[in-house]
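Student: Quick one: this structure, given as structure tokens, is what I'll be asking you about.
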Amino acid sequence: MRTIDLGYTGESFSGKIIEWKSLGLSSDWLEFIEKTAPGSRPHDIQIKAIEDCGLLHSRRNLVVSGPTNSGKSLLGYMALLSGLKQGRRTLLLEPLRALAQEKYDELIGLLPRFADNSGHVPGVCITTGDYRLAGETMMAAPPESGEIVIATPERVEAIMRIPDYDPWIRSFGSVCVDEAHLIGDQRRGPCLEGVITRFLCGEAPPRFVLLSATLGNCDLVKDWLTPCDIAHSVVRSPLLKQQLLVLEKDEKADDAVIELLERIFIEPEVSVLIFVYRTTDAEHLSEWISRKMKPRFGKDIAAAYHSKMAAQKKNSVKADYENGELLCLVSTTALGAGVNLPATHVIIRDLTFGRDGALSIPEIIQMSGRAGRGKKAGLSSIILKPFDNWKEELAEELKSPLLPALQSSLRLDGKPRKNKSFFSRELQNNQVAKLILGQLVLRDDQEVADIKSFFNNSLGGKDVADQVEQSLQWLCNGQRLLAWEDDHCVGATALGKAVSLSSIPLDVGAGFGSIIKDIIYCDEDDKILGKWTPLDTLIVLELMDPREKGMRRFSKKLAEQVDAWIESHRVKPVLFVEWIRGTTEGSKAEEIVGSLGIQLKTNKTRSEQARQLAYSAVMRAIVIFQLGEGMLLPDVAKRWGVKGLEGVQERWRDHLLWQISGLGEILDIRCFYYFLREECDASDKRVNCVKDCFKKMRHGVYDLLGLLRFCSPLGPVFRALESAKVGVGVRTKEKLEFAGISSFADINKMPIEELISIGVRSDIATKLKAYVRRRSL
């Protein structure tokens, strides 16, 4: 193993060291800063933002660009609090739900320190995929003491599509965008850019404060947000030292990690974050580190931390790490995105991430920047393996990193970004189409020029506006019918409105609408819709949006297992029975795939590729269905020969719950009845029959939501509790699961005191025990 010293990132502060009061801050601000960051002095970026750019009194937009640990988070909080003085709400946009939750927890603790003279404390609320604001809150004026809303861009975009919530959107006086470099990210950027553009198109746009540690040239964004100032600094405190560890062919990365840790743990008061590619690697490496280090420490000192872990377990691991019980966390990139955990050392074990290619320089910088705590300098060790996409030129790139200029992710320049797979034009048009449909939902009968005007106000400007006609064609395509266009105007169809308001992917909504119409057209007796089951809904979703498509490859054995399960199970999904089941010659899966608008590859016969795709989707639907029914995860994994299910069901379940809710809304629109009368010449009797079928299908959707909401061995228990209106929720389920409880019998054996000891509230524990006692009589 060869070590290349990369030196220190950024620069040391060379100016005059000053106190906070030297910035002319009021006593309220000085008190808030002292309670938030006791004993601190202003960093370089904070001086520039407050003194040079007027963070607390100017209404000009501001971009804050500085290294990690340079004080940007405090600036963001100050921007939000100063915005409350305008009598309007303030909004903090976080890219991930985990980050939003972290900021919410921090602000809940900080805001009481910012009470006004009458003792009023500003309100704070969170709205993400996990938390929804009540409708009446969105219709209400800001509270007198002000309110900070924390949200993901995706959640705000969904709210913006509902015209009734326009007053709530207009109530924001300032918006703080964390991790602002993600505007240029091809996955997350379009939504964030769309949200900011919508704000900018309002009558009284809010003030924007953008924060990032990995911004390159900001000229484009400065012009976009004019009037706008830039506060830029390369000063970092504490300093961060980086080194590149180059492995030879016969050296193993895990051995290098252990060697590093042996040296690191010689120092007192250290904590380490290790970044790896796979969740399974995080589990295995953390176990190995604990085993290797146990003779020295006498306990397990490492744990895995990743998105596939149950929420309760993640919170427990995080708490143990923060209080020093754990010295090392092995994580996937979820932490690298900015979740703020203290660390003195960072080790990046994996630079090449499977099909995603190699990490980019900004991503490496972001992960490395997690190192450094308090006044203790940080050390980031980056391991370069012989087969990595990056070679030794990485050393020069990291010594003098050239961060990419911040530009729109919606622009179709046709050039792939270095070390990243490039989104196809079809998908990028889909992103523009999604924003167009959101605009059409707000107001019918718009002219194409109106839509172009909106995109001219985006960061991409004219380059994106020029894509409008092509994206409208995509929306109006006969396969999708999400929008309509005549010689003068464009608008959203009833299906398009339902898809947009439910926030499900356009392909999924359009595909579901298409298959329903095809079934109505082909099946005059409506027997197919009458036989529709919740499993059919899951099969459609797994075909359209297979979140876990790498779970298990298709094989003859898999097909035989699926056939046997369907044959023996009481639930007979009609899509499988009528179309998918059979050999290559007998299966009609290609018809289902075609009806959904799924594009097949050309390296196999279409019929066989469609059959394999469909069988794999049915297998995944059965797996999540069985988990929802309460089967033990190891039993399901063993039966179907799948790996890596631990924790996956939580993320997978949440994704499906969101999409299933959207499909339920699609079943409640009238366009299908119009189609029946105009295209199928249906009688009133048949229209009423289809209405009854849709009613039954919607009930199936509600049943499926209930099944997957408590997707665990405790699912049947909590569905029974919900039916009995006992008032016990998902958080309690997670606490019980974490304690190894999986049945009514387990709960019945536990005294109330033991339930309380695992974190169950005393009133809920009493209700739970009372219900279980009645049930056991």
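The values are calculated or read from the model by the stated rules, or taken from the named source; none is laboratory data. What you see is a predicted model, and the numbers here were worked out from it, not measured in a lab. Cβ coordinates were reconstructed from backbone atoms using ideal geometry, including for glycine residues, and neighbour counts include every protein chain displayed. Heads up: the accessible areas ignore ligands, DNA and RNA and are worked out on the full protein's heavy atoms, side chains in. Shrake-Rupley method; radii C 1.70, N 1.55, O 1.52, S 1.80 Å.
Student: Can you tell me which residue within the stretch 748-776, out of those that are among the hydrophobic types (A, V, I, L, M, F, W, C) and under 33 Å from the mean Cα position of the chain (by Cα), is modelled with the lowest pLDDT? Steps first, please.
Tutor: Of the stretch 748-776, the ones among the hydrophobic types (A, V, I, L, M, F, W, C) are 750, 752, 755-756, 758, 760, 764-765, 768, 770, 772.
Filter once more, keeping what is under 33 Å from the mean Cα position of the chain (by Cα): 755-756, 758, 760, 764-765, 768.
Numbers: Leu755: 87, Ile756: 87, Ile758: 81, Val760: 84, Ile764: 85, Ala765: 86, Leu768: 84.
Applying the filter and picking the extreme gives Ile758.
Student: Filter the stretch 93-103 down to the residues that are open to solvent by less than 10 Å² (accessible area, probe 1.4 Å) and touching a Gly at 6+ places or on another chain (Cβ under 8 Å) and list them by number. Show your work before the answer.
Tutor: Of the residues in the stretch 93-103, the ones open to solvent by less than 10 Å² (accessible area, probe 1.4 Å) are 93-94, 99-100.
Within the stretch 93-103, just Leu99 meets the criteria.
Student: What single numbered condition from (1) of a type in the set (Lys, Arg); (2) within 26 Å of Leu707 (Cα to Cα); (3) surrounded by 13 or more Cβ atoms within 10 Å (Cβ to Cβ) fails to hold for Lys638?
Tutor: Tallying (1) of a type in the set (Lys, Arg); (2) within 26 Å of Leu707 (Cα to Cα); (3) surrounded by 13 or more Cβ atoms within 10 Å (Cβ to Cβ), Lys638 fails exactly one: (3).
Student: Answer yes or no as to whether Ser360 is open to solvent by less than 40 Å² (accessible area, probe 1.4 Å), at pLDDT 80 or above and within 30 Å of Cys328 (Cα to Cα). Full working, then the answer.
Tutor: Working: open to solvent by less than 40 Å² (accessible area, probe 1.4 Å): yes; at pLDDT 80 or above: yes; within 30 Å of Cys328 (Cα to Cα): yes.
Criteria met by Ser360.
Student: Would you point out the residue of the stretch 686-735, among those that are open to solvent by 20 Å² or more (accessible area, probe 1.4 Å) and either polar (S, T, N, Q) or not in a helix (DSSP H, G or I) (or both), that is farthest from Arg775 (Cα to Cα)?
Tutor: Asn688
Student: I'd like the full set of residues that are under 15 Å from Val149 (Cβ atoms) and open to solvent by less than 10 Å² (accessible area, probe 1.4 Å), limited to the stretch 175-198. Even if it seems obvious, please write down each step before you answer.
Tutor: First, pick out the residues of the stretch 175-198 that are under 15 Å from Val149 (Cβ atoms): 175-178, 195.
Matches in the stretch 175-198: Val175, Cys176, Val177, Val195.
Student: Condition first: modelled with pLDDT under 85 and in contact with an Asp or Glu (Cβ under 9 Å, 6 or more places away or on another chain). Now tell me which residues in the stretch 265-280 satisfy that.
Tutor: Of the residues in the stretch 265-280, the ones modelled with pLDDT under 85 are 277-280.
The answer is Tyr277, Arg278, Thr279.
Student: Within the stretch 603-635, which residues are surrounded by fewer than 19 Cβ atoms within 10 Å (Cβ to Cβ) and touching a Pro at 6+ places or on another chain (Cβ under 6 Å)?
Tutor: Correct list: Leu632 only.
Student: For the stretch 57-82, enumerate the residues that are assigned to a helix (DSSP H, G or I) and more than 27 Å from the chain's Cα centre (by Cα).
Tutor: Quick first cut of the stretch 57-82, residues assigned to a helix (DSSP H, G or I) only: 72-82.
Ser82, the sole residue that qualifies.
Student: Would you call Val156 open to solvent by less than 10 Å² (accessible area, probe 1.4 Å) and either touching a residue at least 40 places away in the same chain (Cβ under 8 Å) or under 24 Å from Met367 (Cα atoms) (or both)?
Tutor: Values: open to solvent by less than 10 Å² (accessible area, probe 1.4 Å): yes; either touching a residue at least 40 places away in the same chain (Cβ under 8 Å) or under 24 Å from Met367 (Cα atoms) (or both): yes.
Here the answer is yes, as Val156 does meet what is asked.
Student: With respect to Thr766, determine if the residue is assigned to a helix (DSSP H, G or I), of a type in the set (Ser, Thr, Tyr) and crowded, with 16+ Cβ neighbours inside 10 Å. If you could, list the steps in order and put the result at the bottom.
Tutor: On the way: assigned to a helix (DSSP H, G or I): yes; of a type in the set (Ser, Thr, Tyr): yes; crowded, with 16+ Cβ neighbours inside 10 Å: no.
Considered against the rule, which asks whether it is assigned to a helix (DSSP H, G or I), of a type in the set (Ser, Thr, Tyr) and crowded, with 16+ Cβ neighbours inside 10 Å, Thr766 comes out as no.
Student: Right, here's the next one. Are there any pairs with C-beta distances below 9 angstrom linking a residue in the stretch 544-557 that is within 25 Å of Gln659 (Cα to Cα) and modelled with pLDDT of 70 or more to a residue that is crowded, with 16+ Cβ neighbours inside 10 Å and charged (D, E, K, R), with the two at least 6 apart or on different chains, and if so which?
Tutor: Met544/Asp507; Asp545/Asp507; Pro546/Arg620; Met551/Arg620; Arg552/Arg620; Phe554/Arg611
Student: Something else: Filter the helices (runs of 4 or more DSSP H) completely within the stretch 483-537 down to those with at least 3 residues that are open to solvent by less than 10 Å² (accessible area, probe 1.4 Å) and in contact (Cβ under 8 Å) with a residue 60 or more places away in the chain. So that I can check it myself, show each step before the final result.
Tutor: Values: elements: 494-502, 506-522, 527-530.
Per the criteria, 494-502, 506-522.
Student: Let me ask something else about it. Quick one: count up the residues across the stretch 228-284 that are under 20 Å from Ala343 (Cβ atoms), of a type in the set (A, V, I, L, M) and surrounded by fewer than 17 Cβ atoms within 10 Å (Cβ to Cβ).
Tutor: The total comes to 2.
Student: Let me ask another. Can you go through Lys385, Lys452, Lys399 and tell me which one is touching a Leu at 6+ places or on another chain (Cβ under 7 Å), among the basic types (Lys, Arg), at pLDDT 85 or above and open to solvent by 30 Å² or more (accessible area, probe 1.4 Å)?
Tutor: On the way: Lys385 fails: open to solvent by 30 Å² or more (accessible area, probe 1.4 Å); Lys452 fails: touching a Leu at 6+ places or on another chain (Cβ under 7 Å).
After ruling out the rest, the residue left standing is Lys399.
Student: Given the condition under 22 Å from Asp654 (Cα atoms) and not aromatic (Phe, Trp, Tyr), answer yes or no: does some residue in the stretch 747-764 qualify? Write out each step before concluding.
Tutor: Let us first name the residues in the stretch 747-764 that are under 22 Å from Asp654 (Cα atoms), namely none.
No, that holds for no residue.
Student: Another question about this same structure. Kindly provide the set of residues from the stretch 550-602 that are outside any loop (DSSP other than H, G, I, E, B) and either surrounded by fewer than 12 Cβ atoms within 10 Å (Cβ to Cβ) or in contact with a Cys (Cβ under 6 Å, 6 or more places away or on another chain) (or both), ordered by number.
Tutor: Initial filter on the stretch 550-602 (outside any loop (DSSP other than H, G, I, E, B)): 556-568, 574-580, 589-596.
Lys556, Lys557, Glu560, Ala564, Glu567, Ser568 - these are the residues of the stretch 550-602 that are outside any loop (DSSP other than H, G, I, E, B) and either surrounded by fewer than 12 Cβ atoms within 10 Å (Cβ to Cβ) or in contact with a Cys (Cβ under 6 Å, 6 or more places away or on another chain) (or both).
Student: Can you name the number of the only condition in (1) modelled with pLDDT under 85; (2) closer than 25 Å to Ser661 by Cβ; (3) small (Gly, Ala, Ser); (4) part of a helix (DSSP H, G or I) that Ala745 fails?
Tutor: (2)
Student: If you don't mind, another one. Please give the number of the condition Ser683 fails out of (1) open to solvent by 10 Å² or more (accessible area, probe 1.4 Å); (2) closer than 16 Å to Glu542 by Cα; (3) of a type in the set (S, T, N, Q).
Tutor: Single failed check for Ser683: (2).
Student: Based on this model, can you work out whether Ser471 counts as open to solvent by 20 Å² or more (accessible area, probe 1.4 Å), modelled with pLDDT of 90 or more, part of a helix (DSSP H, G or I) and among the hydroxyl-bearing types (Ser, Thr, Tyr)? Explain how you work it out, then say what you get.
Tutor: On the way: open to solvent by 20 Å² or more (accessible area, probe 1.4 Å): no; modelled with pLDDT of 90 or more: yes; part of a helix (DSSP H, G or I): yes; among the hydroxyl-bearing types (Ser, Thr, Tyr): yes.
Answer is no for this residue.
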